[in-house]
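The values are calculated or read from the model by the stated rules, or taken from the named source; none is laboratory data. Here the structure is a predicted model, which is why all the values come from computation and not from measurement. Cβ sites come from the backbone with ideal geometry, for glycine too, and all protein chains shown count toward neighbours.
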Amino acid sequence: MWPFKKHLPIDDLNEDGDLWSVMEAPATDGSMLVRINTTAKRWAKHPSLGIRVGFAIPLNQPSPGGVPDAFENFALNQMENKILSYLKSSGPAIHVLSITTGTFKEFVFYIKNGDSVASIHEKLRSETTSHDVQCMAVHDPKWAVYASFSK
């Protein structure tokens, strides 16, 4: 899929200068907007980044077939930054996708160390009174979810 045979050193992970693209895709309740970190392709399938973590946040004011209102979207964007900061504090992590529908927003990352995911999730849940924060972590060494959006 990706032509890289030699992986970059994990110490070089840095969001500065990452390029993102946006696409619209069909969803069961309308459409979804997907922000894709296109620069992340150079890290795809890195043997040290085989754990996919998704933080899904249901909207308080769902708009099936639409997108969150500006106020709620701003709050979710602040949470996005906080989630990345917490993940990076526990080891190498890269933010690869942000998926927005009229009912939820999800942030997808690939990380090295999954040991801290549960504690990060609990910390976010205790700090976030405005929204429910859901989390899932799975082994995904082939970066299947990222690949499905970055073709």
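When the residues of the range 113-151 are filtered to those that are basic (Lys, Arg) and at pLDDT 95 or above, which remaining residue is farthest from GLY66 (Cα to Cα)?
Step one: filter the range 113-151 for residues basic (Lys, Arg), giving 123, 125, 142, 151.
Narrowing further to those that are at pLDDT 95 or above: 123, 125, 142.
Values: LYS123: 30, ARG125: 26, LYS142: 31 Å.
It comes out as LYS142.
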Can you name every residue in the range 31-41 that is more than 9 Å from TYR110 (Cβ to Cβ), surrounded by 15 or more Cβ atoms within 10 Å (Cβ to Cβ) and either hydroxyl-bearing (Ser, Thr, Tyr) or touching a helix residue (DSSP H, G or I) at 6+ places or on another chain (Cβ under 9 Å) (or both)? SER31, VAL34, ILE36, ASN37, THR39, LYS41
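If you go through the range 34-67 one residue at a time, how many are assigned to a helix (DSSP H, G or I) and of a type outside the set (S, T, N, Q)? Spell out how you get there, then give the answer.
First pass over the range 34-67, keeping only residues assigned to a helix (DSSP H, G or I): 38-43.
Still in the list and also of a type outside the set (S, T, N, Q): 40-43.
Here the count works out to 4.
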Could you list, in sequence order, all residues of the range 43-68 that are in contact with a Leu (Cβ under 6 Å, 6 or more places away or on another chain) and surrounded by fewer than 17 Cβ atoms within 10 Å (Cβ to Cβ)? none
Filter the range 69-110 down to the residues that are among the aliphatic types (A, V, I, L, M), crowded, with 21+ Cβ neighbours inside 10 Å and not in a helix (DSSP H, G or I), then identify the one that is nearest to the chain's Cα centre (by Cα). VAL108
Take the residues in the range 86-112 that are at pLDDT 95 or above and of a type in the set (Ser, Thr, Tyr), then tell me which one is farthest from MET32 (Cα to Cα). TYR86
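Regarding THR28, is this residue in contact with a strand residue (DSSP E or B) (Cβ under 8 Å, 6 or more places away or on another chain), surrounded by fewer than 16 Cβ atoms within 10 Å (Cβ to Cβ) and either modelled with pLDDT under 95 or basic (Lys, Arg) (or both)?
Numbers: in contact with a strand residue (DSSP E or B) (Cβ under 8 Å, 6 or more places away or on another chain): no; surrounded by fewer than 16 Cβ atoms within 10 Å (Cβ to Cβ): yes; either modelled with pLDDT under 95 or basic (Lys, Arg) (or both): yes.
No, not satisfied.
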